[in-house]
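The values are calculated or read from the model by the stated rules, or taken from the named source; none is laboratory data. Only a predicted model underlies this, so the values are computations on that prediction, with no experimental measurement involved. For neighbour counting, all protein chains shown are included, and Cβ atoms are generated from backbone atoms with ideal geometry for every residue, glycine included.
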Amino acid sequence: MLLNTLKKLPHNILFNKPLSLFSSSMSLQQDEAKAHWNSKASTYKDSYETLTLAPAITLANMLEIQKSQDIIEVACATGIFTLHLLRNLTNTKTFTSVDISDQMIELAKARKAATEGINHDIKHEFFVGDAENMSFIQDEAVDVYVSSMCIHMVPDESKFLQEAKRILKKGGRIGLTVPSKENGLMGLFLKNFEDNGWKSPFPKDYNALGYRDVMIKLLQDNGFEVRFCWEDHMKLPYYEDSDIDNQLTNGPMGGIYGGFDQETKKKVRDNVLKEFHEIKKQFIPFQMKTVAIVAQKPL
């Protein structure tokens, strides 16, 4: 979702409000965030969501999700991870999937209706809802809470975690992922933009949570017992120069890149491609780096 959001940066590289990624003054309010993700739902489903699946599956495995009976998934988007779980879970009784975007939820419902092999013994429901206020979920209702690439977008991380702790049973587990500070994809683009005079309009680093020690402290400060914290990657199928050009002109970077004059655009492109070619020489896939954490609500 971070990639899609940056596409909204205007061509003059200025805007009145920060986008719906960040905490406190950095994030949009609920109605604005909902409108943003509604506008991006189809693009996200068709272009980006499959890239998030592998790290989400790893997170689920580290949560020992197969053992859980009652699960909540927050920021389910258009449901690709939801359906993976519904096809593979065997011990689960209830499973709730939540997203702030009603358009995302509608696409997820349609995807579910067209999918074979779902375990229909699981009582599964989609809800449109706010991660900071899920009043439709009772206290201590779930034993696993899973949320990929979401907490860095909410207005108040602590409120998010306290709401998660409210609905988790004692001993229940929470699993989260965030973009890493050492973000290969975003770092490649944004470093070159900044080197050529772009000033970030965000009052805080866009991936400020993307360190292992920051995530560990955040969970501990909110009363969780950390079990695991690791770095992971989303592998991106970018191999040709044309893939990079598409990202610069038509992808999430277009709003920033489009604000440069022609001479600066050429300089930025040349520098990005030079670094991209060095990555290819090492046979390393282009990737977006993440930090993942699994913690437990005390007994």
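Gln138 fulfils the conditions (1) within 20 Å of Thr94 (Cβ to Cβ); (2) in contact with a strand residue (DSSP E or B) (Cβ under 9 Å, 6 or more places away or on another chain) except for a single criterion, (2). Applying the condition of being touching a residue at least 60 places away in the same chain (Cβ under 8 Å) and among the charged types (D, E, K, R) to the range 112-146 and asking which residue is farthest from Gln66 (Cα to Cα) yields Asp130. Residues in the range 81-95 that are assigned to a helix (DSSP H, G or I) and either surrounded by 16 or more Cβ atoms within 10 Å (Cβ to Cβ) or on the phi > 0 side of the Ramachandran plot (or both): Phe81, Thr82, Leu83, Leu85, Leu86.
For the range 142-154, a residue qualifies if it is modelled with pLDDT of 95 or more and in contact with an Asp or Glu (Cβ under 6 Å, 6 or more places away or on another chain), and the qualifying residues are Val142, Asp143, Val146.
Could you check the range 198-299 for helices (runs of 4 or more DSSP H) lying wholly inside it with 2 or more residues that are surrounded by fewer than 16 Cβ atoms within 10 Å (Cβ to Cβ) and either among the acidic types (Asp, Glu) or out of contact with any Asp or Glu (no Cβ under 7 Å at 6 or more places or on another chain) (or both)? Give the derivation first.
Working: elements: 212-221, 241-249, 254-257, 262-281.
The qualifying helices (runs of 4 or more DSSP H) are 212-221, 241-249, 262-281.
Checking the stated criteria, Glu163 turns out not to satisfy the condition of being out of contact with any Lys or Arg (no Cβ under 9 Å at 6 or more places or on another chain), within 18 Å of Cys76 (Cβ to Cβ) and surrounded by fewer than 18 Cβ atoms within 10 Å (Cβ to Cβ). Restricting Ile105, Ile137 to residues that are in a loop (DSSP other than H, G, I, E, B), aliphatic (A, V, I, L, M) and either in contact with a helix residue (DSSP H, G or I) (Cβ under 7 Å, 6 or more places away or on another chain) or on the phi < 0 side of the Ramachandran plot (or both) narrows the list to Ile137. Does any residue in the range 204-221 that is modelled with pLDDT under 90 come within less than 9 Å, Cβ to Cβ, of a residue that is aromatic (Phe, Trp, Tyr) six or more places away or on a different chain, and which pairs are these? Listed by first residue and then by second, the contacts come to Lys204/Phe22; Asp205/Phe22; Tyr206/Phe22; Ala208/Phe22.
Residue by residue, here is whether (1) part of a helix (DSSP H, G or I); (2) buried (at least 23 other Cβ atoms within 10 Å of the Cβ); (3) modelled with pLDDT under 75 holds:
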| position | (1), (2), (3) |
| --- | --- |
| Ser20 | no, yes, yes |
| Lys34 | yes, no, no |
| Ser97 | no, yes, no |
| Lys109 | yes, no, no |
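Checking each residue in the range 58-80 for being more than 21 Å from Ser39 (Cα to Cα) and outside any strand (DSSP E or B) picks out Thr58, Leu59, Ala60, Asn61, Met62, Leu63, Glu64, Ile65, Gln66, Lys67, Ser68, Gln69.
Within the range 148-159, residues that are touching a residue at least 40 places away in the same chain (Cβ under 8 Å) and charged (D, E, K, R) reach partners that are surrounded by 20 or more Cβ atoms within 10 Å (Cβ to Cβ) and in a helix (DSSP H, G or I) with beta carbons closer than 8 Å, at six or more positions or on different chains, in the pairs Glu157/Ile151; Glu157/Leu218.
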